[in-house]
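Presented below is the structure to which this report refers.
The values are calculated or read from the model by the stated rules, or taken from the named source; none is laboratory data. Since we're looking at a predicted model, the values are computed, not measured. Please note: Cβ atoms are built from the backbone with ideal geometry, for glycine as well, and neighbour counts cover all protein chains shown. Note: accessible area is taken over every heavy atom of the protein model, side chains too, but ligands, DNA and RNA are not part of it. Shrake-Rupley method; radii C 1.70, N 1.55, O 1.52, S 1.80 Å.
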Amino acid sequence: MKTEHVNQIASAVNAVKATDVKNFYFVACGGSMAALATGDYFLSREISVPSKVYTSNEFVHMNPRGLGKGSVVILRSHSGTTPETVAAAKYAREKGAVTIAISMDVESPLCKEAEYIVHYNYKDGSDVIDGETGVYYSLIFGILNALTPNEKYERLLNQLKNLENLFETNKKLTYDRAFKFGSEYKREKLIYTIGSGAYYHQAYSFTSCLLMEMLWIHSNAIHSGEYFHGPFEATDFDVPFLIIKGEGPTRPLDERAITFAQKFSDKVEVVDITELDYAGIDDDLKEYFGPAIAGAVLRQYADGLAEHTGHPLSVRRYMWKMEY
């Protein structure tokens, strides 16, 4: 990892370590919020300090009662210009919270409002360890190791160097299936996604950012545990589902949803995370790496749809084109 990123992460981690932490807040919008939510899941699994994910505008308007001195607020905006997230950083800092901004632009409004900055490289040929996933994982597990030292976290931080190979290997492994999916589902006007645990956030990101925002395909992200509490009534032979079969403790929830969906729908695409290549990763660490690899694989599924629908992922009707 580049020295710049190592130093930024170390500063943020040391700030958290020096704080009598009473809670964590993860604040962002859209895909950035989904990315941060993975960290919320890991913290909730590993430590007893409470944490919560907020969409930026709600965070400011709701004014959480627990926000203040002792709070750690982690914010993310790809460009660093998302107005709601910039406002949330300013608001949290005024309340006395430790604020950590994650962005690809250190000169962005978000980074100028936050106390600590964590930069990541984007599409510049850098190794994945210096990209958004590598940098974020380094921050989250650095914080965990600082608060509750564990050799497991140290091994995980060391094995992050394998991310580049893991992403490339698994993209090659799933390329044919992803583009076949694009061919098979290219005329679908609606595709539901299902997932659980850390993978629910991947399902949400795929739904909101890739299917709806970039491809204009109607969708809804359904939690595997909630599928049987209403949404399964929409299941029929011609209703498409993309279901993430996760690696980790909530996998039984996914298996239950898959069994039912496959019984009544002829259009169920299952992305089984345990079938991916985890070369260089210890068995007890796979559940942490799985969500990161899933993100790279699912992006390829969107690429497959874009290729076969003739709808580039870069096309927008409203976003960045008008005031809203």
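Points worth noting:
- Some residue of the range 22-42 being open to solvent by 20 Å² or more (accessible area, probe 1.4 Å) and free of Cβ contacts under 8 Å to residues at least 40 places away in the same chain: yes
- Only residues that are open to solvent by 20 Å² or more (accessible area, probe 1.4 Å), in a loop (DSSP other than H, G, I, E, B) and within 25 Å of TYR278 (Cβ to Cβ) were counted in the range 226-247, giving 1.
- Annotation note: of THR81, THR99, the sole residue that is modelled with pLDDT of 95 or more, part of a strand (DSSP E or B) and over 17 Å from the mean Cα position of the chain (by Cα) is THR99.
- Condition check for ILE217: closer than 24 Å to MET319 by Cα and open to solvent by less than 70 Å² (accessible area, probe 1.4 Å): yes
- So ALA88, is it open to solvent by less than 10 Å² (accessible area, probe 1.4 Å), within 17 Å of TYR116 (Cβ to Cβ) and either touching a helix residue (DSSP H, G or I) at 6+ places or on another chain (Cβ under 7 Å) or at pLDDT below 95 (or both): yes
- Unmet criterion (only one of (1) closer than 30 Å to SER44 by Cα; (2) acidic (Asp, Glu); (3) at pLDDT 95 or above) for ASP238: (1)
- Any hit, the range 52-73, residues being in contact (Cβ under 8 Å) with a residue 60 or more places away in the chain, out of contact with any Asp or Glu (no Cβ under 9 Å at 6 or more places or on another chain) and part of a loop (DSSP other than H, G, I, E, B): no
- Candidates SER11, SER71 - the one that is open to solvent by less than 10 Å² (accessible area, probe 1.4 Å) and polar (S, T, N, Q): SER71
- Residue in the range 248-265 that is aliphatic (A, V, I, L, M) and either surrounded by fewer than 17 Cβ atoms within 10 Å (Cβ to Cβ) or over 24 Å from the mean Cα position of the chain (by Cα) (or both) present: yes
- Exactly one residue out of LEU157, LEU144 is within 19 Å of PRO291 (Cα to Cα) and touching a Gly at 6+ places or on another chain (Cβ under 8 Å), and it is LEU157.
- Out of SER56, SER11, SER51, SER32, sole residue that is of a type in the set (S, T, N, Q), under 14 Å from LEU144 (Cβ atoms) and at pLDDT 95 or above: SER51
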